[in-house]
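Reading through the structure tokens given below for one structure.
The values are calculated or read from the model by the stated rules, or taken from the named source; none is laboratory data. Predicted model only: the values in this text are computed from it and were never measured. All Cβ positions, even for glycine, are placed from backbone atoms using ideal geometry, and neighbour counts span all protein chains on display.
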């Protein structure tokens, strides 16, 4: 028996009038086709058309993959709603195209990172890459009546804004657990444009072309809200979540809200409101900047007319040359991330200023970091140095690494470098996971500069007594069995305990606890009574560690993060432009 969700959208009536003009033979053919297709699975009527999904009988979950939430986008232009949805039912049994991307580095990158029985991250689905990539995927419990108006969890994938897709993640386990705990919800993922196609930066780009990846996310959230009822969901009960830059995206939607309320709460995992430094968009125009390099590679130049030239290049010509800009020297992460532009560019003020001013949505939020965020992200360059350098050279290398974090043509002063070398002279035992003091020091700095310090800066404002904002914070401290020892509790470790596609883990109790925190928050706007709020006075975070889950004071490494959060220090690193 096929299952139909939702009401017929407005376009259906217009289509019906058009169909009256067709001959009866065409009508009969369409009817026979629809019946045959609809008989194979659940059917949902959306503003993008009617779609036929898959009923997972083993898990009692209905899955819809590859539903369009926007028309195929033109390069460097905002997504637009679908105006002429197809009349015939469409298949939603396979994921849509992934957005073009720079593939994640493969692991192990060195013998020190060789995993033992664990994959680092979810398996890549390998969907075709195309500029036509704006698709949404839905998992809903099939044994819950459609008129229940379920809450919805939307997951925004990470990947540095240069890789990733909604197809890598699977909502089956979370949806099953939500039903088992009598708090059922719907799980949704979607694609958004990445790298140069989603985050081109230049003074030559019009405001509407800047931060398109975030604009795509906003378009997806609008579509989800508009079509929530069709899947048995409640468009007023949407929680957005994400990890890494997906978690940073959650913060961006708090700092730069839509003109309409598309969500009511957020969960940010290992992603901060500062999103690295979010440089000025024209920073990419400097000699050696990504736009400068791309213009020279393509022959489009960097002056007036260069942007239109890049728009008009055939994809097969444009893309191989664009990929070259993704490989900066020194092993740094690829460019093309969020940038601060003028009005109309989504990000029209530096995030750090909005955080300090408290200029962001006062909605419930869970935000947290992992113990060793930096270990995976700095790579193996420092770890693989043989032999390890003496202290004087080590300090020189570390000084260069620290100074290299600055953007917007800023320079970190010698006094600040000296102070940081002192603060990071002896890593704590928690971070001392290898024999390389250089690696340990660099990884610890990266953890605190890019994650823990920005996290605490946001929490200080968000949990201020006068705001009365509902805020919960966590520290994930669970080692992943079989992962390389040098990684510690690495960036993305927490995802293994949400069971959304990563390798299975043995600590099922912790997995269930973390899933239940999510499920309770999505349904009740509270992760549960065992998790106290983070307030200005309490300064509490939830320790997520198997067998030791519970609240602790957020005081570790305060000297380091307090210094990094000083306004004058943040100015030197370019966080204010």
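Any idea which of 174, 212, 221 is over 27 Å from residue 474 (Cα atoms) and either within 15 Å of the chain's Cα centre (by Cα) or modelled with pLDDT of 95 or more (or both)?
Criteria check complete, one pass: 212.
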Any helices (runs of 4 or more DSSP H) falling wholly within segment 474-577 and containing at least 3 residues that are touching a residue at least 24 places away in the same chain (Cβ under 8 Å) and touching a strand residue (DSSP E or B) at 6+ places or on another chain (Cβ under 8 Å): 508-524
Any hit, segment 255-262, residues being in a loop (DSSP other than H, G, I, E, B) and on the phi > 0 side of the Ramachandran plot: no
Subset tally (residues that are farther than 30 Å from residue 239 by Cβ, out of contact with any strand residue (DSSP E or B) (no Cβ under 8 Å at 6 or more places or on another chain) and touching a residue at least 40 places away in the same chain (Cβ under 8 Å)) for segment 271-288: 5
Tally, over segment 59-74, of residues that are within 19 Å of residue 315 (Cβ to Cβ) and touching a helix residue (DSSP H, G or I) at 6+ places or on another chain (Cβ under 7 Å): 1
Leading residue by the ranking (nearest to the chain's Cα centre (by Cα)) among those in segment 407-427 that are buried (at least 17 other Cβ atoms within 10 Å of the Cβ) and closer than 30 Å to residue 282 by Cβ: 407
Candidates 268, 249, filtered to the one that is closer than 20 Å to residue 522 by Cα, touching a residue at least 24 places away in the same chain (Cβ under 8 Å), in a helix (DSSP H, G or I) and touching a helix residue (DSSP H, G or I) at 6+ places or on another chain (Cβ under 8 Å): 249
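Table: residues versus (1) in contact (Cβ under 8 Å) with a residue 60 or more places away in the chain; (2) closer than 23 Å to residue 320 by Cα; (3) surrounded by fewer than 24 Cβ atoms within 10 Å (Cβ to Cβ).
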position	(1), (2), (3)
178	yes, no, no
181	yes, no, yes
184	no, no, yes
191	yes, yes, no
195	yes, yes, no
202	yes, yes, no
205	yes, yes, no
210	yes, yes, no
Residue identified as farther than 26 Å from residue 281 by Cβ and in a loop (DSSP other than H, G, I, E, B) among 376, 383, 398: 383
Residue count for segment 432-448, restricted to those that are in a helix (DSSP H, G or I) and in contact (Cβ under 8 Å) with a residue 60 or more places away in the chain: 8
Any chance residue 451 is surrounded by 22 or more Cβ atoms within 10 Å (Cβ to Cβ), touching a residue at least 60 places away in the same chain (Cβ under 8 Å), touching a helix residue (DSSP H, G or I) at 6+ places or on another chain (Cβ under 9 Å) and outside any loop (DSSP other than H, G, I, E, B): yes
